[in-house]
Amino acid sequence: MSFPEILLIAIGLSMDAFAVSLGASAAQRDMGGRAAFRLSFHFGLFQFMMPVLGWALGATVVAYVAAFDHWIAFGLLSIVGVRMIRAGFDHQVTAWRGDPSRGWTLVILSVATSIDALAVGLTLAMLGTAIWYPSVVIGIVAGGLSFMGIRLGSRLGRTFGKRMEIAGGVLLLGIGLRILYLHLGG
């Protein structure tokens, strides 16, 4: 597999992480440097690990997970998206009680944005492609695009305020619905 092919796969896989980073930082407004690093690092790390995991599991376990992985991603993104929308309409509540780059919120977002990379790992195993080089490229691209999304989202959040929380929540729901659409009939 050539570098341009791997790069295109990496960019495609990173779009969910970019969008979630954009929405999370827009809702948080002033995400500091450490938080931005943690979020983008974890998105990149999970995007790196999932293809490796899919490649290692091969056809045995992935066949069982593939039947419902899209429902898991949809559910996780919906939970966070609905919370953001609710917070956008209620001026007393914030979508993130704390920092979205910590704790279970970070884990949920990292898994939800990288679960499709598991299938890519399985595909690479079936093609007989070595996994380490593509996984490293995927992880670096995801981390970099996530960081860009965080920076852009914090600017939008400062400019548009609570409306960005609503937009970010709708964006997460849209990503979840797109995942369902692609897996169920797309």
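Most tightly packed first, judged by the mean number of other beta-carbon atoms within 10 Å of their residues, the peptides 5-11, 150-156, 20-26 read 20-26, 150-156, 5-11. For the chain, the longest principal axis of the alpha carbon atoms and the long axis of helix 33-65 meet at an angle near 40°.
Couplings for region 106-117, taken from phi via the Karplus curve 6.51 cos²θ - 1.76 cosθ + 1.60 with θ = phi - 60°, read 4, 5, 4, 5, 5, 5, 4, 7, 10, 5, 5, 5 Hz in order; Gly and Pro are left as x. When the chain is treated as a GNM with alpha-carbon contacts under 10 Å, the residue of Ala67, Ala142, Ala17 showing the greatest mean-square fluctuation is Ala67. Only helices enter the 222 nm calculation for the chain: every DSSP H run of n ≥ 4 contributes -39,500 (n - 2.57), and dividing by all residues gives -30000 deg cm²/dmol, rounded to 500.
Each Lys or Arg adds one and each Asp or Glu subtracts one; over the other residues with Cβ under 13 Å from the Cβ of Ser40, this totals +3.
Which one is right for this structure if Rg and Dmax of the Cα atoms in Å is calculated from it: [x] 16.2, 54; [y] 20.3, 60; [z] 17.3, 54? Computed from these coordinates, Rg and Dmax of the Cα atoms in Å corresponds to label [x]. So, R0 is 35 Å and r is the distance between the beta-carbons of Phe68 and Trp104; what FRET efficiency does that work out to, to 0.05? The computed FRET efficiency comes out at 0.95.
Computed from Cα atoms, the angle from the helix 3-28 axis to the main principal axis of the chain rounds to 20 degrees.
Over region 110-166, the hull volume per residue, using the convex hull of the C-alpha atoms, is 81 Å³. In nanometres, what is the gap between the two model label sites at Leu127 and Met15, each 7 Å from Cα along Cα-to-Cβ? Taking the simple label geometry, Leu127 and Met15 are separated by 1.8 nm. Helix 132-160 axis versus longest C-alpha principal axis of the chain: approximately 10°, rounded to the nearest ten.
Dipole orientation for the chain: of the candidates Phe41, Gly157, Val111, Gly157 has the Cα lying most toward the positive pole (charges on Cβ; Lys, Arg +1; Asp, Glu -1).
Between Phe160 and Val111, the simple spin-label model (points 7 angstrom out along Cα→Cβ) gives 3.0 nm.
A short reminder: the numbers here are calculations on the coordinates, not readings from a lab. Quick caveat: nothing in here was measured; it's all calculated off a predicted structure. Cβ: placed from backbone, ideal geometry, glycine included. Neighbour counts: every protein chain shown.
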